[in-house]
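The values are calculated or read from the model by the stated rules, or taken from the named source; none is laboratory data. This structure is a prediction, so every number in the text was calculated from the model and none was measured. Neighbour counts are summed over all protein chains in view; Cβ atoms, including those assigned to glycine, are modelled from backbone coordinates with ideal geometry.
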Amino acid sequence: MVDMKKLSGALQAGDFQTVLNLTRAALDQGMKPTAILNELIAGLDVVGDQFKKGEIYLPEMLVAGKAMQRALEVLRPKLVETGAKPAGKAVIGTVRGDVHDIGKNMFGMMLEGAGFTVKDLGFDVPTERFVQAVKEGEFQILGMSALLSTTMVEMPKVINALNEAGVRDKIKILVGGAPVTQKYADQIGADGYGVDAATGADKARQIMRTS
């Protein structure tokens, strides 16, 4: 049988080929897709905790996230076959005027690793596009990112537009990015703030557990 500790270790090391091979082998041996996913999520949680503690840095986080994505490409069809439901559905994007997306991409990876279905709107996303996505999709989480103090002012504009469209109550909003703080998140009426991608994903999971 596949050693699940080895799978988790390979994920933490960002060894995507070993992660892919062990994931396929575990499926071939009849292991439940949900059990494999849970092991991978636990490994990604370790990476997230190490990042929050400053024990690893963004490049290590990125390679671990990419390894997780490779495993999910194999697991996702099997999970669908078993009728397993995603942990939640999230739509994410970097606000209008901001073309930085590394943090947003990492957040998306961490969400996917936690079992969420993620729609990424990209960067420089206009307010209207966020509102349209919330109206049309069955999302529980909206994640907005900004790296500049000059662009984070777009976040309250999105929240106000969602209120005006009558859809604010159907979505929980998480914000993050270098200039964003918990105080700012509270001021603009966001539901949560992530100081980094791992913390943001934790907040999303907390929201789904309590909603």
message: List pairs: first residue in the stretch 32-58 and touching a residue at least 24 places away in the same chain (Cβ under 8 Å) and of a type in the set (A, V, I, L, M, F, W, C), second residue crowded, with 23+ Cβ neighbours inside 10 Å and in a loop (DSSP other than H, G, I, E, B) anywhere in the structure, Cβ distance under 9 angstrom, at least six positions apart or on different chains.
response: 41/114; 44/114
task: Sort through 77, 59, 86 and tell me the only one that's of a type outside the set (S, T, N, Q) and over 19 Å from the mean Cα position of the chain (by Cα).
output: 77
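Please verify whether residue 108 is crowded, with 18+ Cβ neighbours inside 10 Å, under 15 Å from the mean Cα position of the chain (by Cα) and at pLDDT 90 or above, treating the condition exactly as stated.
Details: crowded, with 18+ Cβ neighbours inside 10 Å: yes; under 15 Å from the mean Cα position of the chain (by Cα): yes; at pLDDT 90 or above: yes.
So residue 108 passes the test.
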statement: Log entry, pairs with first residue in the stretch 2-22 being outside the structural domain of residue 76 (by TED's automatic domain parsing), second being of a type in the set (Gly, Ala, Ser) and assigned to a loop (DSSP other than H, G, I, E, B), beta carbons closer than 9 Å, six or more apart or on different chains, reads none
- line: Note on residue 46: of the conditions (1) assigned by TED's automatic domain parsing to the domain that holds residue 181; (2) modelled with pLDDT of 90 or more; (3) within 28 Å of residue 210 (Cα to Cα), unmet is (1)
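For residue 119, are the conditions met, namely being without any contact (Cβ under 8 Å) to a residue 60 or more places away in the chain, at negative phi, surrounded by fewer than 18 Cβ atoms within 10 Å (Cβ to Cβ) and in a strand (DSSP E or B)? I'd like the intermediate steps shown before the answer.
Working: without any contact (Cβ under 8 Å) to a residue 60 or more places away in the chain: yes; at negative phi: yes; surrounded by fewer than 18 Cβ atoms within 10 Å (Cβ to Cβ): yes; in a strand (DSSP E or B): yes.
When the stated conditions are applied, residue 119 passes them.
What residue, of 86, 77, is in a loop (DSSP other than H, G, I, E, B) and under 16 Å from residue 113 (Cα atoms)? Let's see the steps before the verdict.
Details: 77 fails: in a loop (DSSP other than H, G, I, E, B).
86 is the lone residue from the list that is in a loop (DSSP other than H, G, I, E, B) and under 16 Å from residue 113 (Cα atoms).
Among the residues of the stretch 141-167, write down those that are surrounded by fewer than 19 Cβ atoms within 10 Å (Cβ to Cβ) and either assigned to a strand (DSSP E or B) or in contact with a helix residue (DSSP H, G or I) (Cβ under 8 Å, 6 or more places away or on another chain) (or both).
So the first thing to find is which residues in the stretch 141-167 are surrounded by fewer than 19 Cβ atoms within 10 Å (Cβ to Cβ), and the list is 148-150, 153, 156-157, 160-161, 163-167.
Of everything in the stretch 141-167, those that are surrounded by fewer than 19 Cβ atoms within 10 Å (Cβ to Cβ) and either assigned to a strand (DSSP E or B) or in contact with a helix residue (DSSP H, G or I) (Cβ under 8 Å, 6 or more places away or on another chain) (or both) turn out to be 156, 157, 161, 165, 167.
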- request: From (1) farther than 24 Å from residue 142 by Cβ; (2) surrounded by 14 or more Cβ atoms within 10 Å (Cβ to Cβ); (3) not aromatic (Phe, Trp, Tyr), pick out the condition that doesn't hold for residue 35.
  value: (2)
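Just one of 161, 201 is of a type in the set (Gly, Ala, Ser) and in contact with a Leu (Cβ under 9 Å, 6 or more places away or on another chain); which is it?
Details: 161 fails: in contact with a Leu (Cβ under 9 Å, 6 or more places away or on another chain).
After ruling out the rest, the residue left standing is 201.
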task: Only residues that are within 24 Å of residue 82 (Cα to Cα) and either outside any helix (DSSP H, G or I) or of a type in the set (Asp, Glu) (or both): list them for the stretch 1-36, please.
output: 1, 2, 3, 28, 29, 30, 31, 32
